[in-house]
Amino acid sequence: MSKEVSKQRNVLRDEALYILKTNSRDNRYTVPSDRLYPYQWNWDSGFIALGIATYDFDRAVAELESLMEGQWHNGMVPHIVFHEFEEHYAPGPLDWQVPTGTTTKADVCTSGITQPPIMGSVLWRLYERCDNRDDYQHRFNQLYTQIKAYHDWFMGRRTSAPSHDLVKCLHPWESGMDNLPNWDKLVDEVPRGDTSQFRRKDLKGDNASQRPHDSDYQAYMSLVYHYRAIGYDSVDLLPQAHFKVYDLVLNSLLLRSAHDMALLAQDIKPEHGVYWQGQIQTLTQGLQKLWSEEHHAFLSDNAVDSTPLLPITCASFLPLFARAANESQAQQLADLYRDWRDVYPYSVPTTDPRSSKFEMERYWRGPIWINTNWMIAEGFKAYGFDDIAEEIRNDSRALIEQHGFYEYFTPNGAKGLGASQFSWSAALALYWLF
Ligand code: DGY
């Protein structure tokens, strides 16, 4: 590495550190971005903890613990924890109205749905890099127990008879990929409630072309009000849900978490080995059902009528991260990856860049995200495609070097988009890139 490059990387490392410290609140949790997302988000905090662990291990553990303050008595970990009221984001706690007494820690407000469960994988990585495990034993045990309860909730409340082998996603926000083109038809069909009182707060400056449409938000909020009226999952929500998919993101991350929790259990709860092996087997079988021979890729499914949801997106690569693919599927995904890379010079776009649904700048419909890049690169590496993993890493690095720590980037390399000082981009840069 030339002196010039290493100097530039030092500057970027300092900047990433500055972003994480600026977005830290109370020295115990981190907001994804100061204005656009001013609360604590579930999967964001997982990626963020990985970055924080590179310079302050104790603070990284605290990141997971503060998220778990929002865990519900039934085990669910919500997608947002509203530690302090903030005026710049909607829907806030007053829109969700989760009943008092729902969370395990009293007086914590949360949203009423979940998000992709990266926590178990993060906990395992923190455990691996901890050089004074005895000092952290109690805290690791506590987090392990909470994350296992989260898995119990997924398998108990979000799967269905007879096979119970895939979890259902009940809101586009649960997939973490809000406006993926795969959801379009289902989002259109969501029965609209009265959302006239709801005001979006995510439209700032001229970012409307980079955010979901108003019609998407009407569906998102109709689902929130519908679930709120039912009582969220104090009842069996599945039969009454207005959006139901077998989503690749939730299922892949849950399976990877089961793999990583199984490794952790070998050290701290060996008697749970059978539990984790059972879950790994079940979810692997489930994900195999989402392989499409016709499209040579994994595809999320409409859980109501079992139809595969096109187009192929970056989520189609996540079963590699989960170790759910066989060798032949991994090879086909590598071929697909290379096809996509021929279209644009940076990887990995959210949506198949040859699809008519691809949109260069709009949120989860085209742009490149650093968290999915990290998981996809990890997945390819595990299957021996080191060249692809390295290319994705180089692309991610180049995008940040050219534009800064944006939330997402155009695959033609022209722009960084969304929030400009985005926490998980900074965190994964520290953990993975620089
Ligand atoms: C948002 O507000 O854009 C989030 O993606 C919802 O969790």
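The values are calculated or read from the model by the stated rules, or taken from the named source; none is laboratory data. Since the model is a prediction, treat every value here as computed from it, not as a measurement. Cβ sites come from the backbone with ideal geometry, for glycine too, and all protein chains shown count toward neighbours.
Taking only the stretch 81-118 into account, find how many residues are more than 23 Å from residue 214 (Cβ to Cβ), under 18 Å from the mean Cα position of the chain (by Cα) and aliphatic (A, V, I, L, M).
2
Of these, 203, 263, which one is within 16 Å of the ligand (Cβ to nearest atom) and either closer than 22 Å to residue 94 by Cα or in a helix (DSSP H, G or I) (or both)?
The match here is 203.
Can you spot a residue in the stretch 232-250 that is more than 20 Å from residue 75 (Cα to Cα), within 16 Å of the ligand (Cβ to nearest atom), free of Cβ contacts under 8 Å to residues at least 12 places away in the same chain and not in a helix (DSSP H, G or I)?
no
What are the residues in the stretch 381-390 that are farther than 19 Å from residue 257 by Cβ and either part of a helix (DSSP H, G or I) or among the acidic types (Asp, Glu) (or both), if any?
Those that are farther than 19 Å from residue 257 by Cβ and either part of a helix (DSSP H, G or I) or among the acidic types (Asp, Glu) (or both): 386, 387, 388, 389, 390.
Sort through 76, 119 and tell me the only one that's within 30 Å of residue 35 (Cβ to Cβ) and away from the ligand (no atom under 16 Å from the Cβ).
Details: 76 fails: away from the ligand (no atom under 16 Å from the Cβ).
Going through 76, 119 in turn, the sole match is 119.
Out of all the residues in the stretch 180-200, is one or more part of a loop (DSSP other than H, G, I, E, B), within 16 Å of the ligand (Cβ to nearest atom) and exposed (fewer than 13 other Cβ atoms within 10 Å of the Cβ)?
Checking the stretch 180-200: at least one residue is part of a loop (DSSP other than H, G, I, E, B), within 16 Å of the ligand (Cβ to nearest atom) and exposed (fewer than 13 other Cβ atoms within 10 Å of the Cβ).
Is there a residue in the stretch 64-79 that is modelled with pLDDT under 95 and out of contact with any helix residue (DSSP H, G or I) (no Cβ under 6 Å at 6 or more places or on another chain)?
Scanning the stretch 64-79 turns up no residue that is modelled with pLDDT under 95 and out of contact with any helix residue (DSSP H, G or I) (no Cβ under 6 Å at 6 or more places or on another chain).
Limited to the stretch 391-405, what total is found for residues that are surrounded by 24 or more Cβ atoms within 10 Å (Cβ to Cβ) and either without any contact (Cβ under 8 Å) to a residue 40 or more places away in the chain or part of a loop (DSSP other than H, G, I, E, B) (or both)?
Result for the stretch 391-405: 2.
Does at least one position in the stretch 154-169 carry a residue that is buried (at least 17 other Cβ atoms within 10 Å of the Cβ) and within 16 Å of the ligand (Cβ to nearest atom)?
yes
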